[in-house]
1. Averaged over every viewing direction, what's the projected area of the C-alpha convex hull for the stretch 111-241? Give it in nm², one decimal, please.
2. Tabulate in residue order the Karplus-calculated ³J(HN,Hα) for the stretch 236-247, using 6.51 cos²θ - 1.76 cosθ + 1.60 with θ = phi - 60°, rounded to whole Hz; enter x for Gly and Pro.
3. How big is the gap, in Å, between the Cα center of the stretch 144-199 and the Cα center of the stretch 77-98?
4. Picking from Tyr115, Thr104, Gly82, whose Cα lies most toward the positive end of the charge dipole for the stretch 65-122 (charges on Cβ: Lys, Arg +1; Asp, Glu -1)?
5. Among the lysines, which have Cα under 26 Å from the Cα of Lys212 when same-chain residues fewer than 8 positions away are ignored?
6. Give the whole-number value, in cubic angstrom per residue, of the convex hull volume spanned by the C-alpha atoms of the stretch 97-156.
7. Could you size up the charge dipole of the stretch 105-250 around its Cα centre, putting +1 on the beta carbon of Lys and Arg and -1 on that of Asp and Glu, and report it in debye to the nearest 20?
8. Are there trypsin sites (Lys or Arg not before Pro) in the stretch 62-161 that DSSP puts in a loop and that have at most 11 other Cβ atoms within 10 Å, and which ones?
Amino acid sequence: MVPRSFSLRRLAGLLALAVGLPLAAPAAHAATVASTPWRASSAPLARAAVDGAAASSGCADYTIYGVRGSGEAWDERPFEQGGTLGMGNTAGPAAAIARSTIPTSTSVRLVGVRYPAAPVSTLVGNPGTFFLSIRNGVTELKRLIRRSIAACPKGRIGLVGYSQGAGVVSETLRALPRSAFKRVRVAVLFADTYSAGQRPYSRNFDQARPLKPRSKKKRRGRGVFGARKLPRALKAKYDVCFLQDIVCNRTSSTFKTYGQAFDNGIHTQYKTWRTSVRTGVVQEYGFALAWGA
């Protein structure tokens, strides 16, 4: 929940600025940012996919649940048909990269979490709707995880979310019993709204340093909805954040917060940001997500 001292209306305005500005990078960096997101269909998949919540009654060795961000439409078409399996345009490609990386001897299922993913604009007129969306996502993801563990006790689970979806994953992890982490192996969170700020599992990127690996600079802020640590019992966790993104690195200074909000919609650039000429943020943490298998 949002601290009472932080106005929901002001918060909504900041987030709208953060996600609603044009996607193009600043002029000085425009050439270094991919013009379109990485497409899952560009990587050959050597396995027969067993995707979707009801695609198969059998157990996969590894199941990845992906949670889309605020306002991202539900599109359950497979990646090969231009869809996202309901995971959205940031979490989805990361999950697809993980699947294409895992040896074909390991069966993999990708499942999008069906929940409202309310747009940021609802924070202005009806903030309760936005936070209800998060709660609904948490309820559904917990249900899917518990069902998977009960039905497939030897199966392994990975989680990936972006923005509001990262907040859903974050809150879900804290709601799971410690025993669940024998099966839940890894979580990748792009712009966690509940980020605890600088932690050993933080992965920071600097918009001022395109085509560079992650930044050594430490975060000074926290998630826009508060600072909550991820469970210690989770073996592999990655809290991925641009230093300029108020959603996962909101500072205590109102002036700085507004400055960050005007920083050209950096919040939407995880799916396109390049860390080298050959790879980007989504690709790197797609590989990390594959570790759970």
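1. Averaged projected hull area, Cα only: 8.8 nm².
2. 10, 9, 9, 9, 8, 8, 6, 4, 8, 8, 5, 5
3. Each part's Cα centre sits 18 Å from the other's.
4. Positive-most Cα among the choices belongs to Thr104.
5. Correct list for Lys212: Lys237, Lys256, Lys271.
6. About 84 Å³ per residue, rounded to a whole number.
7. The calculation lands at about 820 debye.
8. Listed in order of number, the matching sites are Lys154.
FYI, it's all coordinate maths here, none of it is from the lab. Owing to the predicted nature of the structure, the values given are computational and were not obtained by experimental measurement. Counting neighbours? That spans all protein chains shown, and the Cβs are built from the backbone with ideal geometry, glycine included.
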